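Trainee: Got a structure for you, questions after.
The values are calculated or read from the model by the stated rules, or taken from the named source; none is laboratory data. Everything numeric in this text was worked out from a predicted model, so none of it was measured. All Cβ positions, glycine included, derive from the backbone under ideal geometry; neighbour counts span all protein chains shown.
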Amino acid sequence: MDKIADLPNINPEQLDLPTLDRLAPVGELTHRPRILMLYGSLRERSFSRFLTEEAARILQHFGAEVKIFDPKELPMAGSVAEDHPKVVELRELCLWSEGQVWCSPERHGTVTAVLKNQIDWIPLEMGAIRPSQGRTLAVMQVCGGSQSFNVVNTLRLLGRWMRMFTIPNQSSVPMAYKEFDDAGRMRQSAYYDRVVDVMEELFKMTLLLRGRTDYLTDRYSERNERAMKAIDAAIKRI
């Protein structure tokens, strides 16, 4: 039996049949994995920044090229034109990245405005380019009190909305003021070990997915929509 005959609503010309050979990386990837890191506090002694910097050191040890975006002087989303230097910087870093790390304190049970503002400036589409789609993502949070997972849960939702591959592991550091020394370095603990776990998993998943994301994010519905628009345009020209 022709399997397509059982799927009368499918356009067979646009249906892809995935195979392992289609998952081969495209191009020669000799550069180090590129990781962009965002944090969610402007305080001078910012524990989300400290945690981000600690995670950056771990990623660099694994061999990643890491860039941390400084959210200072980034205007509120929609308050200035998109050619503002800080907006341009953030968007260029998103395009440069192959993976990202988002880290925020918990404020009123959710992410801070500082972190959310950065994400709000990242568009789903820039012409034919999607700055976030297909990137890997790791999420972390710092807590002022007992351990919570409100922030990482919210960041997962945002990552899914931004069409990113969010890794299963995550880090939540309770009573963060106890976990960092005066120099902002994270003390040895089970929480530090968990951060290593998360960065290790992010690095592995970024290696696994890069060079393959165009294929992994190529969708039947979008191919079919483009085909239908092309047919409609051809009919109008007749």
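Trainee: Of all residues being under 19 Å from Trp102 (Cα atoms) and among the β-branched types (Val, Ile, Thr) in the stretch 186-238, which is surrounded by the most Cβ atoms within 10 Å (Cβ to Cβ)? Just the residue, please.
Mentor: Per the criteria, the residue is Thr206.
Trainee: Among the numbered criteria (1) at pLDDT 95 or above; (2) out of contact with any strand residue (DSSP E or B) (no Cβ under 8 Å at 6 or more places or on another chain), which one does Arg223 miss?
Mentor: Arg223 satisfies every listed condition except (1).
Residues checked against (1) touching a helix residue (DSSP H, G or I) at 6+ places or on another chain (Cβ under 7 Å); (2) closer than 17 Å to Arg34 by Cβ:
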position	(1), (2)
Arg130	no, yes
Leu137	yes, yes
Trp161	no, no
Met164	no, yes
Ser189	no, no
Tyr192	no, no
Asp197	no, no
Tyr215	yes, no
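Trainee: Can you tell me which residues in the stretch 44-92 are of a type in the set (Ser, Thr, Tyr) and surrounded by fewer than 20 Cβ atoms within 10 Å (Cβ to Cβ)?
Mentor: Within the stretch 44-92, Ser79 is the sole residue that qualifies.
Trainee: Looking at the stretch 4-39, which of its residues are part of a helix (DSSP H, G or I), in contact (Cβ under 8 Å) with a residue 40 or more places away in the chain and either in contact with a Cys (Cβ under 8 Å, 6 or more places away or on another chain) or surrounded by 11 or more Cβ atoms within 10 Å (Cβ to Cβ) (or both)?
Mentor: Gln14, Arg22, Leu23
Trainee: So which helices (runs of 4 or more DSSP H) are wholly in the stretch 105-216 and hold at least 2 residues that are more than 16 Å from Ser41 (Cα to Cα) and in contact (Cβ under 8 Å) with a residue 60 or more places away in the chain?
Mentor: Of the helices (runs of 4 or more DSSP H) lying wholly inside the stretch 105-216, those with at least 2 residues that are more than 16 Å from Ser41 (Cα to Cα) and in contact (Cβ under 8 Å) with a residue 60 or more places away in the chain span 190-209, 213-216.
Trainee: Scan the stretch 128-148 for residues that are over 9 Å from the mean Cα position of the chain (by Cα), β-branched (Val, Ile, Thr) and more than 12 Å from Ser172 (Cβ to Cβ) and report the count.
Mentor: So the count comes out to 1.
Trainee: For Glu92, all conditions in the list (1) free of Cβ contacts under 8 Å to residues at least 24 places away in the same chain; (2) within 15 Å of the chain's Cα centre (by Cα); (3) over 25 Å from Asp214 (Cα atoms) hold save one; what is the number of the exception?
Mentor: Condition not satisfied by Glu92: (3).
Trainee: Of Ser79, Ser97, which residue is polar (S, T, N, Q) and over 26 Å from Thr217 (Cα atoms)?
Mentor: Answer to the check: Ser79.
Trainee: Scan the stretch 40-50 and give yes if some residue there is more than 16 Å from Val114 (Cα to Cα) and in a loop (DSSP other than H, G, I, E, B), otherwise no.
Mentor: no
Trainee: If you don't mind, another one. If I filter the stretch 111-120 for residues that are aliphatic (A, V, I, L, M), under 16 Å from the mean Cα position of the chain (by Cα) and surrounded by fewer than 17 Cβ atoms within 10 Å (Cβ to Cβ), do I get at least one hit?
Mentor: no
Trainee: Can you pull out the residues in the stretch 58-89 that are without any contact (Cβ under 8 Å) to a residue 12 or more places away in the chain and either farther than 15 Å from Lys116 by Cβ or touching a Gly at 6+ places or on another chain (Cβ under 9 Å) (or both)?
Mentor: Listed by number, the residues that qualify are Gln60, His61, Asp70, Val80, Ala81, Glu82, Asp83, His84, Pro85, Val88.
Trainee: Specify the residue that is nearest to Phe50 (Cα to Cα); the eligible residues are those in the stretch 95-131 that are in contact with a strand residue (DSSP E or B) (Cβ under 7 Å, 6 or more places away or on another chain) and of a type in the set (Gly, Ala, Ser).
Mentor: Ser104
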